[in-house]
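Notes follow once the structure below has been shown.
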Amino acid sequence: MRELNLPLTPEDIASLQAYDQVLLTGKLYVGRDQVHSLLYERLLRSESLPIDLMGQAIYYMGPSPAPAGKVIGACGPTTSARMDPFSPLLLDHGLKVMIGKGPRSQDVVDAIRRNKAVYLQAFGGCGALYASTVKSSRILAFEHLGPEALLLLEVEKFPAIVAIDSLQGSVFTY
C-alpha cells in the first residue's frame with residue numbers, strides 16, 4: 001500500500017501500475033456528470049473554469065447529507081462511464097487523476113495514456129469508509145446543483161486501486 005500526497009507529481013503517476021493499492025492525502029475535487037458537462041462546455045467556448053485542472057484529481061461522487069457533527073455524509077463513488085464523453089477534453093486540459101468505479105471507454109483510456117494520467121478505482125458500497133477520510137468539504141462552484149456541485153475535499157488516507165495506469169496497464173480487458 002503506497003501513501004501518496006495530492007496533487008500527484010508526474011513521477012508519482014509514472015510509477016503507478018495497474019493493481020497498485022494507494023492511500024491518498026490532500027486536496028481532491030469532486031464532480032459528477034453535471035459538473036463535467038459544465039466544465040466541458042466552458043472549455044469548448046474558451047471560457048475560464050472555476051478551478052485550475054492542471055495536475056489535479058477529481059472524484060466522481062455525490063455525497064449524502066452530513067449527519068450532525070460530521071463533515072460529510074456517505075460519499076462512495078459513482079459510475080465513471082457517465083463522465084466518459086467529457087473526460088478526454090478535461091485530461092487534455094491538465095486533469096491527471098480520475099477516481100470512480102467501473103471501466104472506461106477506449107477514448108478515455110487513450111486520453112489517459114496520451115496525457116500521462118491515471119484512473120483510480122474506488123470501492124463501491126464503501127460510502128461510510130470514504131466519509132471517514134474526509135477532513136473538510138466546501139462548495140467551489142455550481143452550488144445550484146446541490147449535492148452534485150463542484151466540491152473541494154481535504155482527504156486523509158483515501159483508499160483506491162490503480163485501475164488504468166499511464167502506460168499500458170489496466171485491471172479491465174480492452
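Hey, can you tell me all the residues within the stretch 147-169 that are over 13 Å from residue 31 (Cβ atoms), at pLDDT below 95 and either in contact with a Phe, Trp or Tyr (Cβ under 7 Å, 6 or more places away or on another chain) or not hydrophobic (A, V, I, L, M, F, W, C) (or both)? Within the stretch 147-169, just 168 meets the criteria.
Just one residue in the set 42, 2 is more than 17 Å from the chain's Cα centre (by Cα), within 15 Å of residue 120 (Cα to Cα) and not small (Gly, Ala, Ser); that residue is 2.
In the set 109, 35, only one residue is buried (at least 16 other Cβ atoms within 10 Å of the Cβ) and out of contact with any Ser or Thr (no Cβ under 9 Å at 6 or more places or on another chain); that residue is 35. Pairs linking a residue in the stretch 6-29 that is of a type in the set (Phe, Trp, Tyr) to a residue that is surrounded by fewer than 18 Cβ atoms within 10 Å (Cβ to Cβ), with Cβ atoms under 7 Å and 6 or more positions apart or on different chains, are 19/161; 19/171; 29/51; 29/152.
Scanning the stretch 36-54 for residues that are farther than 24 Å from residue 6 by Cβ, of a type outside the set (Lys, Arg) and free of Cβ contacts under 8 Å to residues at least 12 places away in the same chain yields a count of 3. Please find, among 120, 151, 167, the residue that is more than 21 Å from residue 19 (Cβ to Cβ), of a type outside the set (Val, Ile, Thr) and outside any helix (DSSP H, G or I). After ruling out the rest, the residue left standing is 151.
The values are calculated or read from the model by the stated rules, or taken from the named source; none is laboratory data. Here the structure is a predicted model, which is why all the values come from computation and not from measurement. As a convention, Cβ positions derive from the backbone with ideal geometry for all residues, glycine included, and neighbour counts pool all protein chains shown.
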